[in-house]
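> Questions regarding the structure given below will be posed in turn.
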Amino acid sequence: GARPLRTATTDLFGSANLDHNKWLIFNESSANWKLDGGDLAIWTQEGDVWQDRFDAGNIFLQFAPRGDFSIRTQVKLASAANHEQAFLTVWQDPDNYVRIASVYDDGPVFEIGSETDAKYERSSFPNSLGSEVHLRIDRNRQGYRFHVSADGKQWEELGEPLQRDFALPKVGIGACSPVSGKRRLARFRHFIVK
């Protein structure tokens, strides 16, 4: 039989090389990411995974744990044009996912987005935390729940839990700059799975 899927584990990005046995990279553009001083640095590119678009580059994914789990990351992105974003996601494919993002939308906001069969829905909330933030998604019997934090200790829950059933879901992180196409640097400090 086939080997069992390797499920997501924490990565502190402290190695010289990315563990490709752990990470899958959707639409990899190797010139636009690197491990750098304990960060995963991703330069945003023109592209998105919004409705009929699936051209976002460098979305880093691992197979999700079974049952309940929590994923979180710390990211710094100085976005300045609409729709520039860095995000944390639970992902089946480009047409089916949930995510929480730090986005520029006429100013800094947090956006909870979900896509089902290429139909996108979102809720946005003011971001008073700045350009360096912690993002978290929890999955439990209530669904997917979304949190933000300035320090990774005190968390604020945003929005309502979302119920979604994904086939072979993955979890991960990414950054893109649809519309502006600007090359901005998103620095992910870690990816933690519990």
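> From largest accessible area down, sort Asp117, Asp36, Asp165; use a 1.4 Å probe on the protein chains. Write out the running numbers ahead of the final one.
Working: Asp117 125, Asp36 55, Asp165 155 Å².
Sorted descending by solvent-accessible area, the residues read Asp165, Asp117, Asp36.
> Tell me, what is the 1.4 Å probe accessible area of Glu157, in Å² to the nearest 10?
70 Å²
> Let me ask you something else. Taking each pair of distinct Cα atoms in the chain once, what is the resulting Kirkwood hydrodynamic radius in Å? Walk me through the intermediate numbers first.
Values: mean 1/r = 0.0607 Å⁻¹.
Value: 16.5 Å, from the Cα pair sum.
> While we're looking at this one, here's another question. Charges only on Cβ, +1 for Lys and Arg, -1 for Asp and Glu: so what's the dipole of the chain about the Cα centre, in debye to the nearest 20? Could you put the intermediate results ahead of the total?
Details: 24 positive and 26 negative charges, 145 e Å.
Roughly 700 debye, rounded to the nearest 20.
> Is the shape of region 105-179 best called rounded, prolate or oblate, per the rule: a/c under 1.5 gives rounded, else a/b larger than b/c gives prolate, else oblate, with a ≥ b ≥ c the square roots of the Cα gyration tensor eigenvalues? Kindly include the intermediate steps, with their values, before the conclusion.
Numbers: a/c = 1.75, a/b = 1.24, b/c = 1.41.
Oblate, since a/c reaches 1.5 and b/c is not below a/b.
> With just the Cα atoms defining each centre, how far is region 29-100 from region 117-194? Give it in Å.
Answer, in whole Å: 9.
> Still on this model: How many Å³ per residue does the convex hull of the Cα positions in region 135-194 occupy? Show your work: numbers first, answer last.
On the way: hull volume 9.1 nm³, N = 60.
Enclosed volume per residue, from the Cα hull, is 151 Å³.
> List the pair-distance distribution P(r) of region 30-118, using every Cα-Cα distance, as the percent of pairs falling in each 10 Å bin from 0 up to the bin containing the longest distance, rounded to whole percents.
Bins of 10 Å from zero give 15, 47, 34, 4 percent of pairs.
> Considering only protein heavy atoms, with the full assembly of protein chains and a 1.4 angstrom probe, order Lys22, Lys194 by accessible area, largest first.
Numbers: Lys22 35, Lys194 155 Å².
Largest accessible area first, the list is Lys194, Lys22.
> Taking the Cα centre of region 1-71 as the origin, how large is its charge dipole in debye, to the nearest 20, when only Lys and Arg (+1) and Asp and Glu (-1) carry charge on their Cβ atoms?
Values: 6 positive and 10 negative charges, 85 e Å.
Roughly 400 debye for region 1-71.
> In whole percent, how big is the carbon plus sulfur part of the accessible area of region 46-194, probe 1.4 Å, protein atoms only? Intermediate values should be presented prior to the final figure.
On the way: 3000 of 6600 Å².
Carbon and sulfur: 45 percent of the exposed surface of region 46-194.
> Can you compute the modelled spin-label distance between Glu28 and Lys153, with each label point 7 Å from Cα toward Cβ, in nm?
3.8 nm
> I would also like to ask the following. Which order do the peptides 173-183, 24-34, 50-60 come out in when sorted by mean C-beta neighbours inside 10 angstrom, highest first? Mind dumping the intermediate values first?
Working: 173-183: 20.7, 24-34: 14.5, 50-60: 18.2.
For the peptides 173-183, 24-34, 50-60, the packing ranking is 173-183, 50-60, 24-34.
> What are the aspartates and glutamates whose alpha-carbon lies under 15 Å from the alpha-carbon of Lys22, with same-chain residues fewer than 8 places away excluded?
Asp11
> Same structure, new question: Along the positive direction of the dipole of the chain (beta-carbon charges: Lys, Arg +1; Asp, Glu -1; about the Cα centre), which of Val171, Phe13, Asn32 reaches farthest?
My answer, from the dipole projection, is Phe13.
> Let me ask you something else. Which of the lysines could be linked to Lys153 by a straight reach, that is with a Cα gap under 21 Å, when you skip same-chain ones fewer than 8 residues away?
Cross-link targets: Lys76, Lys194.
The values are calculated or read from the model by the stated rules, or taken from the named source; none is laboratory data. These numbers were taken from a predicted model, which means no experiment stands behind them. As a convention, Cβ positions derive from the backbone with ideal geometry for all residues, glycine included, and neighbour counts pool all protein chains shown. To get the accessible areas, we keep the full protein, side chains included, count just its heavy atoms, and leave off ligands, DNA and RNA. Shrake-Rupley method; radii C 1.70, N 1.55, O 1.52, S 1.80 Å.
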